[in-house]
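Heads up, the thing below is written out as structure tokens.
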Amino acid sequence: MGEALNILENSRLSRLDRTSYLHRYIEASRIAFADRNRWVGDPAFEKVPVAGLTSQRFADARACLIRDDAVLTSPLPPGDPSGQEPCAMRGAAAPTPYEGEHTTHLTVADKWGNVVAYTLTIEQTGGSGITVPGRGFLLNNELTDFSFTPVSPGVHDPNLPGPGKRPRSSVSPTIVLDHGRPAFALGSPGGATIITTVLQTLLNHVDRKMPLVEAIAAPRASQRNAAATELEPGLWDDPVRERLEAKGHVFKQNPEIGAATGVQRLPDGRWLAAAEKTRRGGGSAMVVRPAR
């Protein structure tokens, strides 16, 4: 998500029409997932080039792939954060592996301004099918997030399993600071769509100036270096889809992408709680006050 934000940094998204905004968001997501799939693994076992991947230099080298009159083709080859040539596309391309969507996210703030964004997952319905004796909670099945064979044959895959190694995860609990103070926080369930859900909500709120509640409720698109970009019904039935298809985008429907929650510090010091209006039956956004 950080790479995609860096790629979009100079786009002045607040000034773009909806078609141009969604086009650049989709293309930046496509590029970021190509690089994530190649380079990200457990940093305790793999040398993950975090500084390179999150540098503005690398983002600029990848951003020049985005054209307003054309669409990139997925799967897209990854870049090389150690010395990427501008606009270069070399190496093996690989699709994004599947990740389960049975995840939970909660975002909490207290009256003192402490904030927690917490995402937890059991990977699939029932997790591993094992309940901890005497405790009553399920163990997860997160081993399925490993790549059990390299996604690109002959290319080192940092997400291969190993003793004590953690699988790559898409959980993206996010706290945004304003001069060192929490301004708002958010996160979502949804497997690999978590990244695009949090990214799009951030862009809606910060760049497109939507109130946090509306930024969460807005219809979503999710591109994860796949041949087709997933669209929720709100965008599928929108004339913007045809304008994007005219550029070369290919879409398929997804009835529901993510299920975000968030909190926001208001100017008077109070906290706003925000959640989904309809996804997954509607989220829970509450303020708990002590009894008088």
**residue 126 vs. criteria surrounded by fewer than 15 Cβ atoms within 10 Å (Cβ to Cβ), of a type outside the set (Val, Ile, Thr) and either out of contact with any Asp or Glu (no Cβ under 8 Å at 6 or more places or on another chain) or modelled with pLDDT of 85 or more (or both)** = yes
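Just to be sure, is residue 117 closer than 30 Å to residue 288 by Cα and touching a Lys or Arg at 6+ places or on another chain (Cβ under 9 Å)? Full working, then the answer.
Details: closer than 30 Å to residue 288 by Cα: yes; touching a Lys or Arg at 6+ places or on another chain (Cβ under 9 Å): no.
It is false that residue 117 is closer than 30 Å to residue 288 by Cα and touching a Lys or Arg at 6+ places or on another chain (Cβ under 9 Å).
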**Message:** For a quick check of your reading: which helices (runs of 4 or more DSSP H) sit entirely within the stretch 15-103 and have at least 1 residues that are buried (at least 20 other Cβ atoms within 10 Å of the Cβ) and of a type in the set (Asp, Glu)?
**Reply:** 18-39
**Asked** Residues of the stretch 242-292 being within 12 Å of residue 219 (Cα to Cα) and charged (D, E, K, R), which ones?
**Response** 256, 276, 277, 279
**Asked** Looking at (1) touching a residue at least 40 places away in the same chain (Cβ under 8 Å); (2) over 23 Å from the mean Cα position of the chain (by Cα), which is the only condition residue 119 fails?
**Response** (2)
**Request:** Determine which member of the set 46, 101 is at pLDDT below 90, under 30 Å from residue 127 (Cα atoms) and acidic (Asp, Glu).
**Result:** 101
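Which strands (runs of 3 or more DSSP E) does the stretch 108-189 wholly contain that include 2 or more residues that are small (Gly, Ala, Ser)?
Hits in the stretch 108-189: 181-187.
Looking at 199, 203, 244, 231, which one is of a type in the set (A, V, I, L, M, F, W, C), buried (at least 21 other Cβ atoms within 10 Å of the Cβ), closer than 26 Å to residue 97 by Cα and over 18 Å from the mean Cα position of the chain (by Cα)? Write out each step before concluding.
Values: 199 fails: over 18 Å from the mean Cα position of the chain (by Cα); 203 fails: over 18 Å from the mean Cα position of the chain (by Cα); 231 fails: over 18 Å from the mean Cα position of the chain (by Cα).
Going through 199, 203, 244, 231 in turn, the sole match is 244.
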**Request:** Restricting attention to the stretch 138-157, report how many residues are farther than 22 Å from residue 260 by Cα and in contact with a strand residue (DSSP E or B) (Cβ under 7 Å, 6 or more places away or on another chain).
**Result:** 3
**Asked** From the list 215, 226, which residue is more than 30 Å from residue 179 (Cβ to Cβ) and either under 17 Å from the mean Cα position of the chain (by Cα) or acidic (Asp, Glu) (or both)?
**Response** 226
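The values are calculated or read from the model by the stated rules, or taken from the named source; none is laboratory data. All values reported here derive from a predicted model rather than from experimental measurement. With ideal geometry, Cβ positions are generated from the backbone for all residues, glycine too; neighbour counts draw on all protein chains shown.
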